[in-house]
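Undergrad: This structure is in structure tokens; I'll ask about it shortly.
The values are calculated or read from the model by the stated rules, or taken from the named source; none is laboratory data. Since we're looking at a predicted model, the values are computed, not measured. Ideal geometry is used to build each Cβ from the backbone, glycine not excepted, and the neighbour counts take in all protein chains shown. Accessible surface is based on the protein model in full, side chains and every heavy atom, while ligands, DNA and RNA are left aside. Shrake-Rupley method; radii C 1.70, N 1.55, O 1.52, S 1.80 Å.
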Amino acid sequence: MMMTSSLWLPVAVLLVLAGLAMVLPKAFTIWMPRIAMAFLVASLVALAIGQWRLADAMSTWFYVVVAVVSIFALWFSEPYVKLEAEHLRWTVADVKRYTGILLIFIASLVAVAVWVNFFWLWLGIETATLSSVFLVATPKSRGAIEASWKYLIVTEAGGLAALVGMVIALTVTGRPFDQWNFVSTVVFVHSGVSGRWILIGAYMALIGYATKAGLAPFHTWLPDAHSEAPAPVSALLSGLKLAGAILIVYRLFDVLAPYVPPSRLKDGLIILGLLSLVVAAGFVAFQSDLKRLWAYSSIEHIGLISLGLGFGGIALVGALLHIWTHATSKTLLFQNAGTVRLLYHTSQSTQGAKALLQRTPWTAGMLALGTAAIVGLPPFAPFWSEWLILVGGFQTASHRLPDIIAIVLLVIIFSGIALRMPSWLWVPGKKDHLQKIKEPWTLLAPNLVLAILVIGGGIGAPFMVHPLWHHLVLELMKNPI
Amino acid sequence: MTEQILWRLAGSLIWVMAVAILLVKTHQSARLLYRLQALGEAGLLAVIALDHEPLLWIDVIMVLLIKEIAIPKILGPQKGMIARDYGAKGTVGMTFLLFVAAAFTLGGLALGQVPGLLHPLVAGVLLGAWFVSFMHLSSRYETWSMSWALLSLDTISGALAVAVAGPIPEFAGVGIDVGALVVAVLLALLTRTIASTLHTTDVRDVEELIG
């Protein structure tokens with residue numbers, strides 16, 4: 001499948017809406033995200049009834065995740081930005097710029113989900129990075145500017161490494177540019193193929209995309225960027241952009257697998273996955289900022305996804321499912337953390353964001369629900385996806401040791417989050433800080449629907465989209481890596 | 001033969017400027033060195049365009065317009081701030097950086113000799129420059145210096161991807177370079193935004209490394 005117009009169309013529509021949001025008067029700006037939401041819903045319907053087809057089941061699966069999470073982020077963003085703009089005194093131009101860039105960010109995430117050519121995928125993830133750098137800087141506070149700068153430096157260095165690595169690896173295989181995609185089944189073999197350069201290119205690409213995905217030890221930008229960004233942006237970054245970057249690497253490794261031993265490619269994913277769990281385990285228990293806590297949790301979960309992709313087999317299915325379960329649960333958590341920041345003017349437990357269950361029970365209830373899901377408690381969906389990843393690790397003898405280490409680290413992370421959460425949820429602050437705070441229904445509504453999705457839809461998703469899931473599982477099981 | 005010499009000259013110019021930008025980044029010199037490095041990239045692309053890929057003339061023109069004029073102009077109006085925050089002061093620091101740059105360059109040259117690339121020597125020089133720019137990124141903390149490191153890395157990556165990796169279609173070469181140019185412009189714009197918001201080029205409020 002080539003880069004057909006049906007793959008360009010959704011990206012083009014969202015980019016046009018982004019442009020209109022920035023140039024039209026403010027009264028019209030507010031309608032652009034709403035039209036984008038309607039468009040994303042329509043695209044999901046078109047996929048469901050077979051009127052729109054993507055390259056393969058994995059693309060379709062990731063597009064569904066991107067569309068659903070983006071709809072919730074756009075829905076939450078409208079009331080969130082209205083309150084944030086009042087609080088931080090944004091100008092009309094600031095609001096229009098934020099809305100436009102948010103739509104560009106979503107368009108680039110859609111591109112990462114639906115495009116098939118590796119060069120265009122690189123451009124997609126680059127656009128996602130650069131647009132989100134500007135979004136992270138939106139609050140214009142010193143912390144936000146520093147975070148965006150760190151984000152830019154680390155991930156752009158990685159992006160350039162990914163470009164060079166990808167170009168070297170693919171050109172050395174002898175594939176013509178129009179075959180630089182993951183849907184071509186042709187294996188190009190010629191006498192001059194250098195396995196060493198393919199491996200060098202593959203590892204350069206892995207390091208490059210790992211910086212985009214926030215995998216340790218290239219994660220240094222992530223806690224700052226996630227904690228400083230507006231809440232809907234944090235949700236999109238954590239749930240979609242990190243997973244999109246790691247999926248591109250997986251696709252690239254899939255294409256390179258016939259030329260180099262697949263185990264040497266998979267080992268890179270496993271090592272980075274384990275390192276990410278180590279970093280999360282080391283830092284999660286010491287966080288006093290709610291958004292920063294979920295940022296470290298994102299490092300943990302992208303590490304788990306990387307482990308699943310590296311283990312292969314049933315763990316691969318778990319990794320794909322985990323992209324969905326993590327994205328929905330983490331969006332719920334980041335958006336409610338954003339509500340906390342708006343209502344309490346901080347998300348730090350040491351600066352007044354305390355006794356949330358007593359003062360803002362709906363928001364705190366959803367935070368508790370999301371926490372139970374994200375730490376992997378049954379019967380929430382992340383439990384099942386983590387289970388598949390860990391069981392998959394035990395199926396191969398050489399993966400058992402990393403799998404056992406991962407389980408130990410997950411227990412440490414679980415304990416860390418379980419220790420920290422009470423300091424926000426029910427540990428009381430000073431007596432004069434215990435009055436109730438009114439929770440605007442405009443902020444609650446999107447999160448309540450998302451909470452229902454996390455409880456019911458999260459666990460039921462594979463069954464609700466059974467035909468797609470069936471195809472996906474079949475495709476993954478015959479995968480070479 | 002002439003083509004090979006021109007390739008090596010262009011590649012060497014890119015490498016020399018990568019090392020020079022690592023060492024000296026006063027307001028005027030940084031922009032000048034960046035322009036010279038971009039000239040190396042344009043030269044490399046021009047050799048390929050002359051030889052067999054005429055579409056790459058588009059890249060040559062864009063590189064000249066954007067990297068010679070637009071980006072230095074975007075990063076131009078911070079003279080006072082740069083003079084306050086940045087200064088190359090110590091010879092010991094410079095010597096150390098030169099030794100490290102030499103080590104990274106040797107590493108790049110050795111890597112270029114691994115069989116499989118079309119132009120091992122130029123690839124090795126550019127890989128050396130690439131490593132030097134990576135080292136530059138991790139050895140300094142003020143935005144002015146890191147901006148130039150990243151812009152230098154962007155130039156080297158564009159040149160490496162288009163010119164050295166292997167035969168790719170002209171339109172793909174143009175696409176890769178356009179991608180790298182867009183990234184460069186956005187980097188420059190963000191650097192200016194950050195400087196004008198923070199009124200400093202030092203994001204960590206620490207005295208930068210001397211040298």
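Undergrad: Would you mind telling me which numbered condition in (1) more than 20 Å from the chain's Cα centre (by Cα); (2) open to solvent by less than 10 Å² (accessible area, probe 1.4 Å); (3) touching a residue at least 24 places away in the same chain (Cβ under 8 Å) A:LYS96 fails?
TA: The failed condition is (2).
Undergrad: May I pose another question? Take A:PHE76 and tell me if it is surrounded by 23 or more Cβ atoms within 10 Å (Cβ to Cβ) and not basic (Lys, Arg).
TA: yes
Undergrad: Let me ask something else about it. Where the second residue is small (Gly, Ala, Ser) and not in a loop (DSSP other than H, G, I, E, B) and the first is facing chain B (nearest Cβ under 10 Å) and lies in the stretch A:128-143, which pairs have Cβ atoms under 7 Å and are six or more apart or on separate chains?
TA: A:THR129/A:GLY159; A:SER131/A:SER108; A:VAL133/A:SER148; A:ALA137/A:ALA144; A:ALA137/A:SER148
Undergrad: Is it true that some residue in the stretch A:427-438 is in a helix (DSSP H, G or I) and either at pLDDT 90 or above or crowded, with 18+ Cβ neighbours inside 10 Å (or both)?
TA: For the stretch A:427-438, residues in a helix (DSSP H, G or I) and either at pLDDT 90 or above or crowded, with 18+ Cβ neighbours inside 10 Å (or both): absent.
Undergrad: Here are some residues: B:LEU55, B:LEU23. Which one is more than 19 Å from B:ALA184 (Cα to Cα), at pLDDT below 85 and either touching a strand residue (DSSP E or B) at 6+ places or on another chain (Cβ under 7 Å) or surrounded by fewer than 16 Cβ atoms within 10 Å (Cβ to Cβ) (or both)? Walk me through it before giving the result.
TA: On the way: B:LEU23 fails: either touching a strand residue (DSSP E or B) at 6+ places or on another chain (Cβ under 7 Å) or surrounded by fewer than 16 Cβ atoms within 10 Å (Cβ to Cβ) (or both).
Every option except B:LEU55 fails the conditions.
Undergrad: Is the stretch A:212-220 home to any residue that is in contact with a Lys or Arg (Cβ under 8 Å, 6 or more places away or on another chain) and open to solvent by 10 Å² or more (accessible area, probe 1.4 Å)?
TA: Looking through the stretch A:212-220, at least one residue is in contact with a Lys or Arg (Cβ under 8 Å, 6 or more places away or on another chain) and open to solvent by 10 Å² or more (accessible area, probe 1.4 Å).
Undergrad: Are any residues in the stretch B:58-67 closer than 15 Å to B:ALA159 by Cβ and either modelled with pLDDT of 85 or more or open to solvent by 70 Å² or more (accessible area, probe 1.4 Å) (or both), and if so, which ones?
TA: B:VAL60, B:MET62, B:VAL63, B:LEU64, B:ILE66, B:LYS67
Undergrad: Conditions: (1) buried (at least 22 other Cβ atoms within 10 Å of the Cβ); (2) within 19 Å of A:SER263 (Cβ to Cβ). A:ILE405 meets all but one. Number of the miss?
TA: (1)
Undergrad: Let me ask another. How many of the residues in the stretch A:6-41 are basic (Lys, Arg) and without any contact (Cβ under 8 Å) to a residue 60 or more places away in the chain?
TA: 1
Undergrad: I've got another one for you. Taking the criterion of being modelled with pLDDT of 70 or more, over 15 Å from A:TRP362 (Cα atoms) and either of a type in the set (D, E, K, R) or assigned to a loop (DSSP other than H, G, I, E, B) (or both), would at least one residue in the stretch A:446-467 satisfy it?
TA: Within the stretch A:446-467 (the criterion being modelled with pLDDT of 70 or more, over 15 Å from A:TRP362 (Cα atoms) and either of a type in the set (D, E, K, R) or assigned to a loop (DSSP other than H, G, I, E, B) (or both)), the answer is no, since none of the residues qualifies.
Undergrad: Working carefully through the options A:LEU47, A:LEU54, A:LEU40, find the one that is buried (at least 18 other Cβ atoms within 10 Å of the Cβ) and in a loop (DSSP other than H, G, I, E, B).
TA: After applying the criteria, what remains is A:LEU54.
Undergrad: Say whether the condition of being touching a strand residue (DSSP E or B) at 6+ places or on another chain (Cβ under 9 Å) and within 14 Å of chain B (Cβ to nearest Cβ) is met by at least one residue in the stretch A:101-113.
TA: no
Undergrad: Same structure, new question: Spot the failing condition for A:THR91; the list is (1) within 10 Å of another protein chain (Cβ to nearest Cβ); (2) among the hydroxyl-bearing types (Ser, Thr, Tyr); (3) open to solvent by 10 Å² or more (accessible area, probe 1.4 Å), and only one is missed.
TA: Every condition holds for A:THR91 apart from (1).
Undergrad: Given the structure, is B:LEU181 open to solvent by less than 10 Å² (accessible area, probe 1.4 Å), at pLDDT 80 or above and more than 10 Å from chain A (Cβ to nearest Cβ)?
TA: Answer is yes for this residue.
Undergrad: Given the conditions (1) assigned to a helix (DSSP H, G or I); (2) within 22 Å of A:SER141 (Cα to Cα); (3) of a type in the set (Val, Ile, Thr), which single one is not true for A:ILE305?
TA: Among (1) assigned to a helix (DSSP H, G or I); (2) within 22 Å of A:SER141 (Cα to Cα); (3) of a type in the set (Val, Ile, Thr), A:ILE305 violates only (2).
Undergrad: Moving to a separate point now. Which condition number in (1) touching a residue at least 24 places away in the same chain (Cβ under 8 Å); (2) open to solvent by 60 Å² or more (accessible area, probe 1.4 Å) is the one that B:GLN113 fails?
TA: For B:GLN113, the exception is condition (1).
Undergrad: Specify the residue that is modelled with the highest pLDDT; the eligible residues are those in the stretch A:132-170 that are in a helix (DSSP H, G or I) and open to solvent by 20 Å² or more (accessible area, probe 1.4 Å).
TA: Checking each candidate, the answer is A:PHE134.
Undergrad: With the checklist (1) over 26 Å from B:ILE5 (Cα atoms); (2) buried (at least 16 other Cβ atoms within 10 Å of the Cβ); (3) free of Cβ contacts under 8 Å to residues at least 60 places away in the same chain; (4) more than 15 Å from the chain's Cα centre (by Cα) in hand, flag the one item B:LEU137 doesn't pass.
TA: Here B:LEU137 clears every test but (4).
Undergrad: Considering only residues that are part of a helix (DSSP H, G or I) and closer than 16 Å to A:PHE134 by Cα, which ones fall in the stretch A:86-98? Step through it out loud before you land on a result.
TA: Here is the first cut: in the stretch A:86-98, the residues part of a helix (DSSP H, G or I) are A:86-88, A:92-98.
Matches in the stretch A:86-98: A:ALA93, A:ASP94, A:VAL95, A:LYS96, A:ARG97, A:TYR98.
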